[in-house]
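Have a look at the structure below, then the notes.
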Amino acid sequence: MASFDELSGKVALVTGASSGIGEALARELARKGARVALVARRKDRLEEIEKDLRQTGGDVRAIVCDVRDPAAIAATATEVRDVWGEIELLVNSAGYARHILFSDHDPEDIQEMMLTNYMGTVHWIKQVLPAMRERRRGSIINLSSFAGKIAQADEVAYAASKFAITGLSAGLAQELSPMGIQVLCVYPTLVRTEMFTPEIMKRMPDASGSFLEADDFARRTLRALAKGHNEAVIPGRMKVPIILNALFPTWMGMMVGRLRLAALRKAGVKVQ
Ligand SMILES: NC(=O)c1ccc[n+]([C@@H]2O[C@H](COP(=O)([O-])OP(=O)(O)OC[C@H]3O[C@@H](n4cnc5c(N)ncnc54)[C@H](OP(=O)(O)O)[C@@H]3O)[C@@H](O)[C@H]2O)c1
């Protein structure tokens, strides 16, 4: 468990820090006094955030790294260790979604998505774990999704990649909590980020009033971390459909499928 005070001076690394949830978490961690490595592919965006945070006293460092590349992950971890020492908090936020029917989805992109969303998380955890195990402390935050609890039509491959993170996180929490290492898996539903383009919104059931802002989401995530939780469904009210899905999976599947396909038909997408 990492209380807010404990975050001060801690070495954190956030993947997907160039936008959205990763950026908001990186900003919040820097504000709480953590030393934060900002990791993503877009150098210009990372350097802008780095400059901004340094101006307000943040001890941060932008590092370009593609999470699909294990060698780049190893080099990034070495760079952070050389500057600040071992990574004590890892945030795996890098990822992308595709809103597309499975029959239209190119298998190569499905593989890329798995490499980014799932294997990127796996390789980063492998990189930080030996030191965390040796020191018997550390924290890992993984970004799953509401779609990692309830499968969704039109996001089939994305949901599969997020179910993989759900399983990885739950099993790892069991293995690592006796060693003093916290694994927190976070389940966002709708957070206003670049992920939701107008084209994507057209394919989804109307959810305009349901978005959380990324900074609010980041604060709630760090509160769950401080409480020592292994899971955080944010916002909490989304636990209701998750519980219903666990109890009545066939019925929930039918309801979710109907909603999603109706939205697609409304958007003019041929679903049959
Ligand atoms: N927003 C939501 O409502 C929501 C809901 C459920 C789950 N999530 C999850 O939350 C996480 C963050 O999403 P977001 O909403 O913040 O989306 P976003 O604004 O699009 O951010 C995605 C981040 O991932 C990075 N990224 C993508 N591919 C990468 C790669 N190969 N290597 C390194 N970085 C990569 C992007 O940076 P570069 O392009 O610069 O590399 C970007 O910083 C994702 O895992 C997403 O699945 C979000």
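Computed from the coordinates by the stated procedures, all read-outs in this text should not be read as laboratory data. These figures come from a predicted structure and were not determined experimentally. Every residue, glycine among them, receives a Cβ derived from its backbone with ideal geometry; neighbour counts consider all protein chains shown.
Residues checked against (1) among the β-branched types (Val, Ile, Thr); (2) touching a residue at least 40 places away in the same chain (Cβ under 8 Å):
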position: 116; (1), (2): yes, yes
position: 130; (1), (2): no, no
position: 133; (1), (2): no, yes
position: 139; (1), (2): no, yes
position: 180; (1), (2): no, yes
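Taking the listed residues 173, 147, 164, the one that is under 25 Å from residue 77 (Cβ atoms), of a type in the set (Gly, Ala, Ser) and in contact with a strand residue (DSSP E or B) (Cβ under 7 Å, 6 or more places away or on another chain) is 173, with no other qualifying. Counting only helices (runs of 4 or more DSSP H) that sit wholly inside region 147-246, those with at least 1 residues that are of a type in the set (Gly, Ala, Ser), within 15 Å of the ligand (Cβ to nearest atom) and within 16 Å of the chain's Cα centre (by Cα) are 156-176, 214-226.
Just checking, does region 95-118 include any residue being over 28 Å from residue 231 (Cβ atoms), part of a helix (DSSP H, G or I), out of contact with any Cys (no Cβ under 9 Å at 6 or more places or on another chain) and aromatic (Phe, Trp, Tyr)? No, the conditions are met nowhere in region 95-118. Exactly one residue among 219, 223, 203 is touching a Leu at 6+ places or on another chain (Cβ under 7 Å) and charged (D, E, K, R), and that residue is 203.
For region 86-104, residues that are within 16 Å of the ligand (Cβ to nearest atom) and within 10 Å of residue 157 (Cβ to Cβ) total 3.
Listed by position, the strands (runs of 3 or more DSSP E) inside region 1-69 whose residues that are over 16 Å from residue 92 (Cα atoms) number at least 2 are 60-64.
Among the conditions (1) under 25 Å from residue 133 (Cα atoms); (2) within 16 Å of the ligand (Cβ to nearest atom); (3) in contact with a strand residue (DSSP E or B) (Cβ under 7 Å, 6 or more places away or on another chain); (4) in a helix (DSSP H, G or I), residue 83 misses just one, which is (2).
Here residue 18 does not qualify as more than 10 Å from the ligand (Cβ to nearest atom), closer than 24 Å to residue 195 by Cα and of a type in the set (S, T, N, Q). Restricting region 105-121 to residues that are within 15 Å of the ligand (Cβ to nearest atom) and in contact with a helix residue (DSSP H, G or I) (Cβ under 7 Å, 6 or more places away or on another chain) leaves a set whose member that is farthest from residue 181 (Cα to Cα) is 110.
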